[in-house]
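The values are calculated or read from the model by the stated rules, or taken from the named source; none is laboratory data. Predicted model only: the values in this text are computed from it and were never measured. Counting neighbours? That spans all protein chains shown, and the Cβs are built from the backbone with ideal geometry, glycine included.
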Amino acid sequence: MTVILLCLLVILTLLSRFGIVFKAITTTLIILAYAFWYISDMFTGNGVTDAVFYHLLNSAQGTSLDDVVDKVAVAAVFIVIMLATVAAALYIKFKKRHFTGSRWTNVAWAGVLIATACMPFSRNIYLAIKETFLTPGNGYAVSSQYHKLNGELPKKYNFVFIYAESLEHTFRALDGKNYLPGLDAIANHYLDFTNIQQPLNMGFGWTMGGIVNTQCGIPLVMSQGNAGSNVSHFLSGANCIATWLTQQGYQTEFIRGSQKEFAGGDKFLSQHGWQAQHDKAWFEAHSLATPEQISGWGVHDDAMLDHAWNEYQRLSQAGKPFLLSFLTVDTHPPAGTYIPECDNHIEKSSEYPMLTAVACSDYMLSRFINKITQSEGFDNTIVVLVSDHLMMANGATSLLAKDEAARRNNFIVIKKDLHGTKNSTQGTLLDVWPTVLDLAGLPDKTLGFGKSLLDNTPGQFINDYVKGHARDYLAYASELWNYPSVRDPMVQKENSIQIGSQRYKLPLYSFVNENGRFKSLWFDSFAKTMARQIKPEDTFFYANLCQNMSINRPGICAYVVSPSEVKQLHITTAGIVDQKRVKQKSSLYQSGLLGISVGEDVYDYSGATLPEVFLPLPPGINFFAAKPHPTIMYSYASCALPRLPEEEMNAFLQQKNEAMIFSSNDSIACGDRSTLNQLARLLNIEALHKLQPRQQIVGLYTPEKTDYVIGAPNQHLDAFVDMTKPQLITLCRAFFDCP
């Protein structure tokens, strides 16, 4: 429907000369908005989400050419359409060509414009922008809606809680076919929730988010979504299900095929009531999976489910109530993993490997659940299956996207006294555990911002989200991290910093509110992030090991930076041993500042940014212009190519009269030092002779002078360039702390 409206909009734009330039510009902007939504949807599978803005603002999100070629092709088609529309409008206007000239043509154009603006893609973009940028959020406004678990279970049911990776409800009726027949049959015999939505704002939509959504009843709000491993206390202010159940005398065990440390999952689970964690390393240590049963994503589901079944039997025989949970892995995008266990049991899809993996997961999970329902312990067991999030972009995205608004998460409850019930109450993953506890007989049917769906009324969170008022919930959820204050005690703990009671990896930076409390936490890409996000009125905190900032001083160098001054803190194992104020405005507040972040994580970490421009940096050595905007002029992958073409590069440098920015990325040095020696001569930098593998350099070159900064080996490096002068700004210069 949207495509039809856009075609009508273009046709009606060109049918009348009256206001044709205005109409063409407006139509082009509408097409541009739809193109932005469409290409975003190709990446996310869910239109424009906070993840889109996160990667636009913070990360290159490295993908291979094969991953992006179809998106580039689609973008090219949209560009051609927009240029053709504008060109045709200008031709008609100046050549005085027209088809009808009827005033009703413009009335029809306005009507189609309004209809197009009311389409779901427009609303999606509006809500995503509003939630991400325009609404600061007031946590206090929804504080009364946050509920901790109270009371005691009247009957100590055992719980088996299954997180089915990306296995959304939509697969049960995708393009006229049911790819989850086993789970669908189980759902039809027990309790099936068919309207579990995934909000398109921050806090939902990835595995760690889904785990926190269900167990704590809150969105997971982090500036860098999988950075939980960098903090010592994961959501220390949250009240979550496993902690409450351990207080009820439960044994708790979580099984996953991947590494438990990823995204800080081990910290979250251990700090929120989980007594045992079995992950990939545990499987390997106990020889529970063959090499063929382990892939890059982790232990395959056949080995993991065999172990889960053994643990279910062991815990059932132990006589104590238990919560056993596990997370599958074989349906992880982009293509999923097929295992031989499914041979002769499912129909394979030759066109969509992911759908084969989905069907295989259905067979494995339904077989596992049926074994429980046929076991002696089922009388006292509640089994829950949820998809941790909707499936991200994969080979079958084109099928899933046919009815994007209808996509839902799976939520199935298997309990002996339930008999084939469908519940279509609007809900989210926040409502899962309140509903399960309601089924278990607990009078208190709320957890966090979630509520039981058994009363057939949506909760306040989903009602507010639909109205575009979910930002307050995100603000409250962010407060549950118990962020520290710049006024708290600070002390060095090995290569990390402890602020108050919390310990963080370095580097660490955060914007700071008027009371000195951190508003968010970041751990990498400082220059790249700050060049885009800092505002003239912001105050921020930055801390790193002094040696990683080219400052010859032991300990940690930390700074509280405001528009009027920089407060310098020197922190050691004894605490803050020295501090002083510099009453000058940091150069990081000026406009026209290019932020450059380089390191071994070429795609996720590295890049150069202005507020409106992002420049990815390939591995090796890169040269790019300082004016008028950053564009790579010369790039050499020194670790992948033969000897540096010295004459060619020298000719390139000599023909440039303006200053050139240069930077490494990943590594320049890779054993053969001839390239380093050549660069040292060309750039007149003696230190390049001694550059180590994965030791980074950023600099500003002119034929008369070269200014540069070299980072510590195996460490990321951040620097800025004032594009108006140009001038290199190292971190110590930005903080007035150079030796």
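Observations on the model:
- If the condition is being within 26 Å of N124 (Cβ to Cβ), of a type in the set (D, E, K, R) and surrounded by 15 or more Cβ atoms within 10 Å (Cβ to Cβ), then the stretch 452-501 contributes D464, R471, D472.
- One residue alone among T397, T421, T435 is touching a residue at least 12 places away in the same chain (Cβ under 8 Å) and over 20 Å from V160 (Cβ atoms), and that residue is T397.
- Within the stretch 400-437, the residues that satisfy the criterion of being in a helix (DSSP H, G or I) and either of a type in the set (V, I, T) or surrounded by fewer than 20 Cβ atoms within 10 Å (Cβ to Cβ) (or both) are A401, K402, D403, E404, A405, A406, V432, T435, V436.
- Taking strands (runs of 3 or more DSSP E) as the structural unit, those lying wholly within the stretch 690-737 and holding at least 3 residues that are closer than 22 Å to D666 by Cβ correspond to 697-701, 706-710, 717-722.
- Residue among E648, E686 that alone is at pLDDT below 90 and not assigned by TED's automatic domain parsing to the domain that holds S525: E648
- K320 meets each of the listed conditions (1) in contact with a strand residue (DSSP E or B) (Cβ under 8 Å, 6 or more places away or on another chain); (2) within 20 Å of L365 (Cα to Cα) apart from (2).
- Qualifying residue in the stretch 189-198 (condition: touching a helix residue (DSSP H, G or I) at 6+ places or on another chain (Cβ under 6 Å), over 19 Å from S520 (Cα atoms) and either assigned to a loop (DSSP other than H, G, I, E, B) or assigned by TED's automatic domain parsing to the domain that holds L127 (or both)): no
- Every pair of residues 6+ apart whose Cβ atoms lie under 6 Å, when the first sits in the stretch 264-287 and is surrounded by fewer than 16 Cβ atoms within 10 Å (Cβ to Cβ) while the second is not in a loop (DSSP other than H, G, I, E, B): Q275/T252; A276/E253
- Qualifying residues in the stretch 492-518 (those that are more than 26 Å from the chain's Cα centre (by Cα) and closer than 21 Å to V566 by Cβ) - the one modelled with the highest pLDDT: Q492
- If the condition is being over 18 Å from V299 (Cβ atoms) and among the charged types (D, E, K, R), then the stretch 258-279 contributes only K267.
- Contacts under 7 angstrom Cβ, first residue in the stretch 446-458 being at positive phi, partner part of a loop (DSSP other than H, G, I, E, B) and buried (at least 18 other Cβ atoms within 10 Å of the Cβ), 6 or more apart: G448/Y146; G448/G217; G448/I218; N456/T425
- All positions within the stretch 499-509 that are touching a residue at least 24 places away in the same chain (Cβ under 8 Å) and either in contact with a strand residue (DSSP E or B) (Cβ under 6 Å, 6 or more places away or on another chain) or at positive phi (or both): R503, Y504, K505, L506, P507, L508, Y509
- Tally, over the stretch 310-368, of residues that are closer than 29 Å to T252 by Cβ, of a type in the set (G, A, S) and surrounded by fewer than 23 Cβ atoms within 10 Å (Cβ to Cβ): 4
- Selected residue (only one of D266, D184 is out of contact with any strand residue (DSSP E or B) (no Cβ under 8 Å at 6 or more places or on another chain) and either assigned to a helix (DSSP H, G or I) or modelled with pLDDT of 95 or more (or both)): D184
One line per residue, one yes/no per condition, for (1) assigned to a loop (DSSP other than H, G, I, E, B); (2) without any contact (Cβ under 8 Å) to a residue 12 or more places away in the chain; (3) of a type outside the set (A, V, I, L, M); (4) out of contact with any Pro (no Cβ under 7 Å at 6 or more places or on another chain):
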residue	(1), (2), (3), (4)
L442	yes, no, no, yes
N463	no, yes, yes, yes
L474	no, no, no, no
S478	no, no, yes, yes
N482	yes, no, yes, yes
R487	yes, no, yes, yes
F511	no, no, yes, yes
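- Filtered residue count, the stretch 140-149, keeping only those that are surrounded by fewer than 11 Cβ atoms within 10 Å (Cβ to Cβ) and within 18 Å of V432 (Cα to Cα): 0
- Helices (runs of 4 or more DSSP H) completely within the stretch 25-135 that count 3 or more residues being over 29 Å from I596 (Cα atoms) and either touching a strand residue (DSSP E or B) at 6+ places or on another chain (Cβ under 6 Å) or modelled with pLDDT of 75 or more (or both): 65-94, 103-117, 120-129
- Residues that are over 33 Å from the mean Cα position of the chain (by Cα) and over 28 Å from G265 (Cα atoms) within the stretch 311-345 comprise Q317, G319, D343, N344, H345, listed in sequence order.
- Pairing each residue of the stretch 606-617 that is of a type in the set (K, R) and at pLDDT 85 or above with any residue that is surrounded by fewer than 19 Cβ atoms within 10 Å (Cβ to Cβ) and part of a strand (DSSP E or B), provided the two are 6+ apart or on different chains, yields no C-beta distance under 8 Å.
- Selected residue [closer than 16 Å to Y179 by Cα and in contact with a His (Cβ under 7 Å, 6 or more places away or on another chain)] from T397, T331, T356, T337: T337
- Residues of the stretch 672-709 that are in contact with a His (Cβ under 9 Å, 6 or more places away or on another chain), of a type in the set (S, T, N, Q), free of Cβ contacts under 8 Å to residues at least 24 places away in the same chain and under 18 Å from I661 (Cα atoms): none at all.
- When the residues of the stretch 444-454 are filtered to those that are assigned to a loop (DSSP other than H, G, I, E, B) and farther than 22 Å from T373 by Cβ, the one that is nearest to the chain's Cα centre (by Cα) is F449.
- Among the residues here, S663 does not qualify as in contact (Cβ under 8 Å) with a residue 60 or more places away in the chain, outside any helix (DSSP H, G or I) and over 19 Å from D707 (Cβ atoms).
- Unique residue being under 28 Å from G205 (Cβ atoms), out of contact with any Leu (no Cβ under 6 Å at 6 or more places or on another chain), in the same structural domain as N178 (by TED's automatic domain parsing) and among the acidic types (D, E) when the list is E404, E341, E376: E404
- Of all residues in the stretch 576-586 being surrounded by 12 or more Cβ atoms within 10 Å (Cβ to Cβ) and in contact (Cβ under 8 Å) with a residue 24 or more places away in the chain, the one that is nearest to V512 (Cα to Cα): S586
- For A625: the one exception among (1) more than 28 Å from A558 (Cβ to Cβ); (2) surrounded by 20 or more Cβ atoms within 10 Å (Cβ to Cβ): (2)
- Condition check for Q584: assigned to a loop (DSSP other than H, G, I, E, B) and more than 22 Å from P713 (Cα to Cα): yes
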